[in-house]
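To start, the structure itself, in structure tokens.
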């Protein structure tokens with residue numbers, strides 16, 4: 001009975017929000033993502049399409065590390081934008097319609113320390129791609145790359161700030177593009193952990209466990 005009530009509440013919330021659910025592979029190549037599209041809202045002649053994406057959840061640090069191609073610490077030094085074809089999540093072509101163009105945010109990261117690398121990219125910096133754009137900032141930059149479209153697609157995105165250092169857990173798509181393994185488990189703010197030491201002193205598994213799994217482990221032990 002309780003399970004039935006929870007399902008009914010969830011359905012009611014979806015109906016109130018005007019959402020439609022479906023499956024879609026995001027730009028990182030993942031196929032397990034369930035995406036909910038909300039109706040577009042217009043503000044000052046700029047339209048926003050809001051997308052709530054659900055990603056696979058890794059249950060242990062070992063499982064999460066195994067899913068990554070690159071694990072590294074790095075400082076975010078810049079931000080830019082590119083456009084993807086919303087149907088295929090590939091780069092746009094001359095055949096891509098304006099309505100299918102979606103913003104993708106690109107963070108430039110200066111590498112500090114590497115903990116895993118299965119692809120052989122040893123450069124000092126890396127561009128990390130994150131689906132979706134921003135609401136209420138970087139408007140001109142986003143509209144410029146959209147090249148005529150005034151609709152910005154906004155996903156439930158991670159809060160990554162320029163000038164801060166993070167531990168990044170990445171997947172590589174087509175042997176060239178780096179994406180967070182998931183926006184929810186793909187980065188950790190390590191500045192709080194650094195405490196005047198170097199990233200090389202970190203135990204990556206300990207940090208991952210602390211940020212993603214400690215609460216779950218505690219709850220399990222108390223049951």
Can you name every residue in the range 51-68 that is in contact with a strand residue (DSSP E or B) (Cβ under 8 Å, 6 or more places away or on another chain) and either modelled with pLDDT under 90 or at positive phi (or both)? 51, 52, 53, 54
Please verify whether residue 30 is at pLDDT 60 or above and either closer than 30 Å to residue 124 by Cα or out of contact with any helix residue (DSSP H, G or I) (no Cβ under 9 Å at 6 or more places or on another chain) (or both), treating the condition exactly as stated. no
Write out, first by first residue and then by second, each pair whose Cβ atoms fall under 7 Å of each other, whose residues are 6+ apart or on separate chains, and whose first residue, in the range 148-166, is at pLDDT below 85 while the second is exposed (fewer than 14 other Cβ atoms within 10 Å of the Cβ). 148/98; 149/98
I'd like to know if the range 89-106 contains one or more residues that are within 26 Å of residue 210 (Cβ to Cβ), crowded, with 19+ Cβ neighbours inside 10 Å and modelled with pLDDT under 90. no
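Looking at the range 134-182 only, could you name the residues that are closer than 26 Å to residue 58 by Cβ and part of a loop (DSSP other than H, G, I, E, B)?
156, 157, 158, 159, 160, 161, 164, 174, 175, 176, 181, 182
The values are calculated or read from the model by the stated rules, or taken from the named source; none is laboratory data. The shown structure was predicted, so the numbers you read here are calculated from the model rather than taken from an experiment. Positions of Cβ are generated from backbone atoms using ideal geometry, with glycine treated the same way; all protein chains shown enter the neighbour counts.
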